[in-house]
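Notes follow the structure.
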Amino acid sequence: MLREAIQRLSKHTFTYAAAEQASRLAGFLLLPWITGYLPESTFGTRELIAVSLTVLSQLAGINLADGMSRLYFESEDVQARRRVVGTTIATVTVSAGLLALALWIFAPKLAALLPSDEPGFAHLMRLALGILFFQVLRQVQNRYLQVQQRSLLYGALSFSKLLVEVTLQLVFLIGLGRGLQGLLEAVLISEALFCAILTALTVREMGLAFSPAVFGALWAFALPLVPNGIGQFCLHSMDRYLVSSLRGEEALGLYALAYKLGYMPNYLLLGPFLLIWYPYVFSIADESRQRWICSQLVPYFMAIITALAIALSLFAPELARLAAGRPGYHACWTAIPWIGLGYWFWALYQLVQTGFYVRKRTRPLPWITGAAVLVNLALNLLLIPRFGFLGAALATALTFPFLFAVTERAVRRIFPLDIAWRRVWLPLLAGAVTVGGGLALAPLAGIWAPLVKLALIGVWLAWAWAGGLLQSAERQAVREAVGQGALALVRTLRRDHGR
């Protein structure tokens, strides 16, 4: 049963990962160009716009996509599912459209509330509001593809959108010299185009069915998630406003780059995994099987996150130099390991909170998130004035363990999981020792520092294989799976050769 779950989740996760990570890779490859053409202060403004769209998407109805995922599997009747999808899309179109229009009218006042001195900031916010409308609607329609587990179509559309968007960004930024405005215009055109494509596809397949009953059920599920989503926005993004207000836009530019790099393990694995994780868990009818699958997968998934976080932290200085188009950005590397540690706990939190969604008990989430926001606010106000943008990274590293601990305790009452916690904490502890040793030895190793870091990663992997993570039976299962895969490949090659 576990192997079947891993195979099914892996298949779709890898497809989603390929699509998502192509986008992340393109964004990473564009960073030297963007940071080369945009000074630190303008890069900070770009970050303010991005995080503002995140919180506005909560008000625009993005959480209705979660409600659609949950309600879609409550019935196998085709017409019922059409009503769920049609009602969700119609509701989001109206809510996102009205919000974007209202804020577009008051864009100058909205721009005045944000800590930015960028010329023409009100016009930039209007472009961002257009992006908001099309982006929210497109994401909800992408969720329709996810609940149907059509990962190949999702990937094809994502790759196509990526190609169009990157091409437009290069043309507008470099060819036309339009700066930050050109970057936003490129994204707006891309979002509008692919939102139209997805709308045509979804309407053709599911129609325009609308149900008042589904409308009520969607909001009953999603409304508690709105304050929770705003709270999570504060957890992830409030520090941007504080860094800008307390230490200036240049410090924000450094922190924004560090954050993008420190978040990479979540980009690489957690984001794509969650696209299929919740629909997969919701599709399992037996709750005891749901709990068993969740319990068994946590140590394996977190081990992969741990390995990625170790590599990220060890090579943080090299990543910062690679991503930055100006030397002024290089100092951001010190924040990267701390952000990576914080988001390790964020990944663990995402897994343990699954029970709230399975049991449709989402009301505790805003209170839990609110408590974490208060902790994060206090830490940021304490640490940013003293340590600058590094203080914000430290606040992230301290806040998310608190969020996980409170959530795990709360969800245990309604959806208890039997997780082998030793196999979660020991790899993390060994990883912390590996990172600390690697960063301490790097200055002494000189030009050999990258090889030393790779050797330390190899030591951690060997330790995990030899018993730090995998048990004897699991190592044998891995060997058998690899052997079977190799045998299948040989048979395929022989058959092709025979032809």
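Bear in mind that the values in this text are calculations on the coordinates, not laboratory data. Quick caveat, the model's predicted, so the values are computed rather than measured. So basically every Cβ, Gly included, is an ideal-geometry build from the backbone, and we count neighbours across all protein chains shown.
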Determine the distance separating the Cα centre of segment 259-328 from the Cα centre of segment 199-254; give it in Å without decimals.
20 Å
Could you pull out the longest piece of the chain with no exposed loop GluC sites (Glu not before Pro) in it, calling a site exposed if DSSP puts it outside H, G, I, E, B and it has at most 12 other Cβ atoms within 10 Å?
77-499
In nm, the gap between the two label points placed 7 Å beyond Cα toward Cβ at Leu101 and Ile197 is 2.8 nm
Can you compute the equivalent ellipsoid semi-axes for segment 179-337, i.e. the square root of 5 times each eigenvalue of the Cα gyration tensor, sorted largest first and rounded to whole Å?
35, 25, 17
By the Cα gyration tensor axes a ≥ b ≥ c (a/c under 1.5 gives rounded; else a/b larger than b/c gives prolate, otherwise oblate), the shape of the chain is rounded
Whole-Å semi-axes of segment 172-218's equivalent ellipsoid, largest first, each the root of 5 times a Cα gyration tensor eigenvalue?
37, 14, 5
Would you be so kind as to identify all helices of the chain, as entire DSSP H runs, whose Cα atoms reach 27 Å or more along the helix's own axis and whose mean Kyte-Doolittle hydropathy is at least 0.5?
40-60, 78-105, 121-147, 151-170, 179-206, 287-314, 364-387, 389-411, 422-445
How far apart, in nm, are two points set 7 Å out from the Cα along the Cα-to-Cβ line at Leu113 and at Ala371?
2.9 nm
Normalise the Cα radius of gyration of segment 38-223 by 2.2 N^0.38 Å (N = residues in it) and let me know the number.
1.11
What percentages make up the Cα-Cα pair-distance distribution of segment 208-260 when the bins are 5 Å wide from 0?
5, 17, 16, 13, 10, 9, 8, 8, 8, 5, 0
Computed FRET efficiency, Cβ-Cβ of Asp77 and Phe159, R0 35 Å: what is it to the nearest 0.05?
0.55
